[in-house]
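Q: Below is the structure I would like to discuss, written out as structure tokens.
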Amino acid sequence: MFTDKMSLSPAAVAAHRLLAAASHSSHEGGARTWKILTIVLAIPGVGICMANAYMKAQAHSHGQPEFVPYSHLRIRTKRFPWGDGDHTLFHNSHTNALPKGYESSDH
């Protein structure tokens with residue numbers, strides 16, 4: 001594979017050299033290379049993704065959507081075998097509507 005090193009950034013060239021050196025050497029340095037890559041790239045990447053998800057959750061409005069009684073949704077041909085028979089197993093009263101609408105709007 002031919003790569004033109006003049007068009008790559010200095011960081012890309014350094015990463016290319018690090019990975020090339022690791023692939024051409026014996027297997028004893030492979031674990032060290034992956035450990036460095038995990039510490040330098042993966043852990044900060046996960047932290048950035050967590051911060052992004054937290055900030056988006058804080059900015060999002062948490063109001064219930066308006067209930068629309070579509071005929072093809074929430075069909076109950078028989079009762080559930082738990083509770084009152086109308087709630088699904090993982091029912092959340094804030095987000096999941098019953099066939100007649102939301103349980104309460106005081107959230």
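Q: Please count how many residues of segment 77-107 are open to solvent by less than 80 Å² (accessible area, probe 1.4 Å), assigned to a loop (DSSP other than H, G, I, E, B) and of a type outside the set (V, I, T).
A: Residues meeting the conditions: 14.
A quick yes/no check of all residues on (1) surrounded by 10 or more Cβ atoms within 10 Å (Cβ to Cβ); (2) modelled with pLDDT under 95; (3) in contact with a Ser or Thr (Cβ under 9 Å, 6 or more places away or on another chain):
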site: R17; (1), (2), (3): yes, yes, no
site: A20; (1), (2), (3): yes, yes, no
site: R32; (1), (2), (3): yes, yes, no
site: T38; (1), (2), (3): yes, yes, no
site: G47; (1), (2), (3): yes, no, no
site: Q64; (1), (2), (3): yes, yes, yes
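Q: Here are the criteria: (1) surrounded by fewer than 11 Cβ atoms within 10 Å (Cβ to Cβ); (2) at pLDDT below 95. Tell me which single one A51 does not satisfy.
A: A51 satisfies all of (1) surrounded by fewer than 11 Cβ atoms within 10 Å (Cβ to Cβ); (2) at pLDDT below 95 except (2).
The values are calculated or read from the model by the stated rules, or taken from the named source; none is laboratory data. Values in this document were obtained by computation on a predicted structure and should not be read as measured data. Cβ sites come from the backbone with ideal geometry, for glycine too, and all protein chains shown count toward neighbours. Accessible surface is based on the protein model in full, side chains and every heavy atom, while ligands, DNA and RNA are left aside. Shrake-Rupley method; radii C 1.70, N 1.55, O 1.52, S 1.80 Å.
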